[in-house]
Amino acid sequence: FSSKRVAVSSLLAVGAVHHHLVKNLERTRIGLIVESAEPREVHHFCTLVGFGADAICPYLATEAIWRLQVDGKIPPKASGEFHSKDELVKKYFKASNYGMMKVLAKMGISTLASYKGAQIFEALGLSSEVIEKCFAGTPSRVDGATFEVLASDALHLHELAFPTRILPPGSAEAVALPNPGDYHWRKGGEIHLNDPLAIAKLQEAARGNSVAAYKEYSKRIQELNKTCNLRGLLKFKEADVKIPLEEVEPASEIVKRFCTGAMSYGSISLEAHTTLATAMNKIGGKSNTGTFLAYRVVLLLLIEVSVRTM
């Protein structure tokens, strides 16, 4: 790509070429090598391989790693010397390979050949025409972005890299791209369920036991839900005829299906786990814990029993 040529999504390109070769019975005779500036993390590599890529050359990622060291984002050696570019790239590939192996292991797959082209994904928010052209056979229960929408996104990214307007001298936009907020909240960036306002209201409600603050927190979360989750788009359907109360499942039975998330002991704390477990025990729900916490609780119980029997 260049100032006059817009980059095409590497995943769309790989998927489309892969399925074209499959339809023409040529796939086993031709290898797909992706040389792109777009892939840079484990998720990108996994989806590319999962949709048919045989090899990936993330050239911009390797160039950026060296630049990060020059800018002081990657610490040098103990001697103060810079790591060589080969050393940094080797560590990057090692970490990426390890991440991919973890993904494969979670699916019960032990070889890359079994993962390549397997398409063990589900699409969310892509139109049927995009699925049929690039990701044929991939489950997609919800329609969404068309090729026109994806092209508009590509043009927007291209404008950020090669702005058509003249930037004033010393402008931050002239030397750096805006942070899209993929991992951390940024104003005008990617929307996250936990934004600063929601967290502030949650802390205020917890520290001051404030009902009003909690209502504001709930309202904010509901607003964010509408932009982040499919369930946020659901609405209650009013019925003309009311259902007899004896046919309605009581709340005491509904809450028995409630289950806390599988959070390990190290991810939160003993106090949080204890609070969740107590709540689930009171309403009759299920409490899911990490293996370490379960081991610790059992160990404490065994110690207590042994002390009492001594």
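Every number in this text was worked out from the coordinates using simple rules, so none of it is lab data. All values derive from a computational prediction rather than experimental measurement. Virtual Cβ from ideal backbone geometry, glycine too; neighbours counted across all protein chains shown.
Annotations for the structure displayed:
- Helix 10-23 and the longest principal axis of the C-alpha atoms of the chain enclose an angle of approximately 80°.
- Calculated SAXS-style log₁₀ I(q)/I(0) at q = 0.17 Å⁻¹ - the stretch 109-261, Debye, Cα scatterers: -1.24
- Residue-span extension gain [residue 87 to residue 118] - 0.36 nm each, minus C-alpha spacing: 7.9 nm
- Debye log10 I(q)/I(0) at q = 0.16, 0.20 Å⁻¹ for the stretch 82-154, Cα point scatterers: -0.79, -0.89
- Restricting the stretch 1-95 to trypsin sites (Lys or Arg not before Pro) in coil, as DSSP defines it, with at most 11 other Cβ within 10 Å: 4, 73, 77
- On Cα atoms only, tilt of 85-106 relative to the major axis of the chain in degrees: 50
- Ellipticity estimate at 222 nm from DSSP helix runs (n ≥ 4, -39,500 (n - 2.57)) divided over the chain, nearest 500: -15500 deg cm²/dmol
- Approximate spin-label separation residue 146-residue 133, in nm, with each point projected 7 Å along Cα-to-Cβ: 1.1
- With only Cα atoms counted, the stretch 10-174 has Rg and Dmax values of 19.1, 57 Å.
- Fully extended contour minus Cα-Cα distance, from residue 269 to residue 257, at 0.36 nm per residue: 1.9 nm
- Sites excluded, GluC sites (Glu not before Pro) in DSSP loops with at most 12 other C-beta within 10 Å, longest stretch of the chain: 123-237
- Tilt relative to the chain, helix 59-70 - C-alpha long axis, 0 to 90 degrees, to 10: 80
- From the C-alpha gyration tensor of the stretch 182-235, square roots of 5λ in Å: 21, 16, 7
- The length gained by stretching the chain between residue 22 and residue 2 to full extension, at 0.36 nm per residue less their Cα-Cα distance, is 4.1 nm.
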